[in-house]
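Only one structure is covered here, and it is reproduced in the block below.
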Amino acid sequence: MPILEVKNIETVYYDRLYVLKGVSLEINQGEIRVVLGPNGAGKTTLAKSISGLIKDQPRKGDIIFEGRSIARKEAEKISSMGLVLVPEDRGVFPELTVEENLKLSGWTKKDTWVFDLFPNLYQKLQEISNHLSGGEQQMLAIARAIIKKPKLLILDEPSLGLSPKLTNELFKTLKRLNEELKTTMLIVEQNARVSVEICHYGYVMENGKMVFEGKADDLKDNELIKELYLGGSVKKTEKGWKLYKTRRRW
Amino acid sequence: MIKKTVRMKTDYLDDYRLIADLPALVFFALVTVVFISIPFLFSELWLSVITHIALYSIAVLGQNLLIGYTGLISFGQAGFLAIGAYTFAHSVHILGFIPSIFISGLIASVFGVIVGFPSLRLKGPYLAIATLGFSVVVFQVLQNTPAISGGRMGLSVPSFGSKAEIFYLVLAFCYLFYIAGYKIVKSSIGKSFSAIRDSEVAAETLGINIVKMKLLSFAISSFYTGVAGALYAIYMKYLEPNMFFITESILMFSAIVIGGIGSVLGSILGSIFVIAVPQFFVGMKELVPIIFGIVIVLVVMFEPLGLYGRWIKIKLYFMNLPFR
């Protein structure tokens, strides 16, 4: 039985802007699944809708987490059930120290296992989070999220603003997290190259709809995904260019 | 050999400890001795000014907990101050001085929770305007309800004692509320306030109950202001609605900005500034507000972190000596 089932949800902003138009997905225990898509596809809205961060949304459909409906529930209740989101802007509290950031999610001095995954943070426990580099802030945001040992971790654009080297390191750590702690993850990303490498299953989202889904290998082998998300060359045919230029590629 | 220059924290209790080591204890004891001897060192005029600063700093700390730590801009403090003062003036005959002071705080905090509800939907300037409206409402109610405000004659408050006794009473409350304030900001509640200020989304994803924490912040803040209002009533021995005009809220806000937003010590420094500085120019009569305004502009321009920021810079300068 999947740990999370998103059933045909619709999220609407200001009563007229349909951002999610019947999105469905599911995640099994211990899996890493990735949602790919261009800017404005609705990926962040999907992550926020699942986490309860958009009031009274999704308007239609249902979200089942561990057999219980969590659609339209308050974010803090969903978080206490074990579904934790690392938001797009990392959400590090800039004026608090690294230790204070960690303590807010229930970290105690006994939880040294976090530093096996993120050794840099141990060196900077007393530093103000605002003084950390972008990569370290992302590490802190993830460390803070996994302290509670969540049943499902949703990461919204974890590679945002990171250099390719740091992105690779971060995704290696996420892979370790999945293998060693068996953390189930849903990664919402634009960086298909790194995310496809670590995921078990993937979705492609455009204009508020899931347009493609398949196992990691299916994603890697798909010609259009290769062209549009994995840096492959665009076919020099009239149809190829048309597909590339228009928003409705699928 | 590596010299240990920073005292490492080894226990969470360290975070809550007000007096961390022997030098801090000596400093704390010295400050207390100085405070206790103030009535013997200063004239009646300056004793009165210092009492005013002390009680004002309680209200400013309350507002700083709301604005500086939780990030909720409120101009409703004049209203809470008035509620505290008038509750005290009416209840002191029945309950006595000390219980009435706490009751004043409690009544103000009930109103604080009510005023806090808009904060669940409003932010920044919109919340500021909504809370400013509350101050206006309280002022108008007092102006037009002689049964509460005592009408044209105002409302007299029973005398607590001599100026020195009032000073010691205010000082005791100041100590109590500053220690409590320090503990609050160091506790998980205080950190949750800061988390809400910095990122509501991230705070929610960590399981922090935003509604509860915002209302709690309003309740604590208005409790502080209500108690300050009661002490103000004791200090003035007389109340009239004009003492609680909306400019009081703006002055308190100025004290926070000048002292240092989100700083316990800054609340005291800001209070000293807004109460004591006009005293230095008192001989210039109508020029006082102009000079005061210019001084505020200069402080904000040259020390954006407030007087607390200046204090930190001075402290760091001496800590780093001789490596400058």
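The values are calculated or read from the model by the stated rules, or taken from the named source; none is laboratory data. Please read these numbers as outputs of a predicted model, since none were measured by experiment. Cβ coordinates were reconstructed from backbone atoms using ideal geometry, including for glycine residues, and neighbour counts include every protein chain displayed. The protein model used for the area step is the full one, side chains on, heavy atoms only, and it has no ligands, DNA or RNA in it. Shrake-Rupley method; radii C 1.70, N 1.55, O 1.52, S 1.80 Å.
Observations on the model:
- With the simple model of a label 7 Å out from the Cα in the direction of the Cβ, residue B:165 to residue B:93 spans 2.0 nm.
- MRE, 222 nm, helices only [DSSP H, n ≥ 4, -39500 (n - 2.57), over chain B, to nearest 500]: -23500 deg cm²/dmol
- Accessible area per residue for chain B, computed on protein heavy atoms with a 1.4 Å probe, is 49 Å².
- Extending 7 Å from Cα along the Cβ direction at residue A:149 and again at residue B:136 yields two label points whose distance is 5.6 nm.
- Of the cross-linked pairs A:124/B:212; A:110/B:313; A:48/A:148; A:77/B:123, those separated by over 29 Å at the C-alpha level are A:124/B:212; A:110/B:313.
- Carbon/sulfur fraction of accessible area - the range B:55-162, other protein chains in place, 1.4 Å, %: 73 percent
- Distance violations [Cα-Cα > 24 Å] among A:175/A:220; A:175/B:191; A:55/A:103; A:7/A:226: A:175/B:191; A:55/A:103; A:7/A:226
- In the range A:95-112, burial by the other protein chains removes 20 Å² or more of accessible area from A:95, A:96, A:100, A:103, A:104, A:109, compared with the chain on its own (1.4 Å probe, ligands and nucleic acids ignored).
- Mean Kyte hydropathy of 0.0 or more with a Cα span along the axis of at least 15 Å, helices from DSSP in chain A: A:134-146
- Whole-number accessible area per residue in Å² for the range A:49-108, which is evaluated in the context of all protein chains at 1.4 Å: 38 Å²
- 3J(HN,Hα) along the range B:99-111: x, 5, 4, 5, 4, 4, x, 5, 4, 4, 6, 4, 5 Hz, from the Karplus curve 6.51 cos²θ - 1.76 cosθ + 1.60 with θ = phi - 60°, whole Hz, x for Gly and Pro.
- Accessible surface buried at the A:B interface totals approximately 2000 Å², computed with a 1.4 Å probe on protein heavy atoms.
- Ordered by 1.4 Å accessible area with all protein chains kept, B:243, B:153, B:301 run largest first as B:153, B:301, B:243.
- Gain upon complete extension [residue B:211, residue B:284; 0.36 nm per residue less C-alpha separation]: 21.5 nm
- Calculated FRET value between residue A:133 and residue B:147, using beta carbons and R₀ = 51 Å, to 0.05: 0.20
- Simple spin-label estimate for residue A:125 and residue A:218 in nanometres, 7 Å along Cα-Cβ: 4.6 nm
- When chain A is treated as a Gaussian network with alpha carbon springs shorter than 10 Å, the biggest mean-square fluctuation among A:214, A:37, A:202 belongs to A:214.
- Antiparallel DSSP beta bridges within the protein assembly as shown, percent to nearest 5: 55 percent
- Taking all protein chains together and rolling a 1.4 Å probe, residue B:93 ends up with roughly 130 Å² accessible.
- Shown here for the range A:55-85: trypsin sites (Lys or Arg not before Pro) in loop regions (DSSP other than H, G, I, E, B) with at most 14 other Cβ atoms within 10 Å, namely A:55.
- Cross-link partners of residue A:172 among aspartates and glutamates (Cα-Cα below 17 Å; sequence separation of 8 or more within a chain): A:31, A:116, A:136, A:156, A:157, A:180, A:189, A:197
- Measuring with a 1.4 angstrom probe and ignoring ligands and nucleic acids, residue B:213 comes out at about 30 Å² accessible.
- Charge dipole of the protein assembly as shown (Cα centre as origin; +1 on each Lys and Arg Cβ, -1 on each Asp and Glu Cβ, all else neutral): 780 debye, rounded to the nearest 20.
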